[in-house]
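Right, one structure below, let's go through it.
The values are calculated or read from the model by the stated rules, or taken from the named source; none is laboratory data. Every value quoted in this text rests on a predicted model; they were computed, and no experiment measured them. We place every Cβ from the backbone using ideal geometry, glycine too, and count neighbours over all the protein chains shown. When the accessible area is computed, the model is the full protein with side chains, heavy atoms only, and any ligands, DNA or RNA have been set aside. Shrake-Rupley method; radii C 1.70, N 1.55, O 1.52, S 1.80 Å.
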Amino acid sequence: MALRTILKKDTDEESLRKKSRPVTVFDKRLHTMIDDMIDTLKDSGGVGLAAPQVGTLRRIVVIEKEDGTILELVNPEIIATAGEQEGLEGCLSLPGVWGVVKRPMTVTVKAMDRNGNVYTDTESELIGRCFVHECEHLDGILFVDRASKILTEEELQQMEEEGEPEPGSEEEEA
Ligand code: ZN
């Protein structure tokens, strides 16, 4: 198990803003990179991680689904989206920062596995949101660029204490 250091916007914004290059060689080195990214993601408690977040400017994303399944996406491309969702989003590179971001509800990606085999996957809600968030990392885009509102951890806590419904939720106050 090897953990990589997750770059933070505060100190490493220049790296995080760079565009990642496609993966062209599917060798042992790529497999080690993907395994390290999975270890790092699991250790972080996050949902998704893109290679530029650990300082490697290659188009690689790993995602952990709610049931523990790991998705490995090499050279992912979003090929279709449907619907819309608005909700809170965070990022391992911006700890303690949350934003209200509008994303498609359902997202289809075309990607390669670690051996270069092409596949497509369609996911909704959290993982659909994650597909877009992680793919944007590969182009140097951060969720704060997309957020209609930014909240600090304190503001988030305060909002929860006040019992306000989450932004974007359909709930009405009783
Ligand atoms: Zn992120």
Quiz item: Where the centre of each part is set by its Cα atoms, how far does region 25-86 sit from region 106-166, in angstrom?
Solution: 12 Å
Practice problem: Can you bin the chain into rounded, prolate or oblate? Criterion: square roots of the alpha carbon gyration tensor eigenvalues sorted a ≥ b ≥ c, rounded for a/c under 1.5, prolate for a/b above b/c, oblate for the rest. | Solution: prolate
Quiz prompt | Phi to ³J(HN,Hα) by Karplus 6.51 cos²θ - 1.76 cosθ + 1.60 over region 131-142, Hz, x for Gly, Pro | solution = 3, 5, 4, 6, 4, 5, 4, 5, 10, x, 9, 10
Exercise. Return the distance in nm (one decimal) between the two label points of a simple spin-label model at residue 66 and residue 149, each offset 7 Å from Cα along Cα→Cβ.
Key: 2.4 nm
Quiz prompt | Heavy-atom surface of the chain, accessible at 1.4 Å and reported per residue (Å²) | solution = 54 Å²
Quiz item: Among rounded, prolate and oblate, which fits region 1-60 when a ≥ b ≥ c are the square roots of the eigenvalues of its C-alpha gyration tensor, a/c under 1.5 means rounded, and a/b larger than b/c means prolate?
Solution: oblate
Quiz prompt | Listed residues 36, 139 arranged by accessible area, highest first, probe 1.4 Å | solution = 139, 36
Practice problem: Enter the accessible area of residue 102 (Å², nearest 10), with the probe set to 1.4 Å and all protein chains included. | Solution: 120 Å²
Exercise. Please list 114, 146 in order of solvent-accessible area, largest first, computed with a 1.4 Å probe with all protein chains present.
Key: 146, 114
Self-check item: Probe 1.4 Å, all protein chains present, accessible-area order of 78, 38, largest first
Solution: 78, 38
Quiz item: Relative to the first principal axis of the alpha-carbon coordinates of the chain, what is the inclination of helix 28-44, with its axis defined by its Cα atoms, in degrees from 0 to 90 and to the nearest 10?
Solution: 20 degrees
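Of all the accessible heavy-atom surface of region 19-98, with the other protein chains kept in place and a 1.4 Å probe, what percent is carbon and sulfur?
49 percent
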Quiz item: In whole Hz, what ³J(HN,Hα) sequence does region 118-129 give by Karplus (6.51, -1.76, 1.60; θ = phi - 60°), x for Gly and Pro?
Solution: 7, 8, 10, 8, 10, 9, 10, 6, 4, 6, x, 4
Quiz item: Shape of region 103-155 from its Cα gyration tensor (a ≥ b ≥ c, root eigenvalues): rounded if a/c is under 1.5, otherwise prolate when a/b > b/c, or oblate?
Solution: prolate
Quiz item: Given the chain, what count of lysine pairs have C-alpha atoms under 14 Å apart, with each pair 8 or more places apart or on different chains?
Solution: 4
Quiz item: How much accessible area does residue 59 have with a 1.4 Å probe, in Å² rounded to the nearest 10?
Solution: 40 Å²
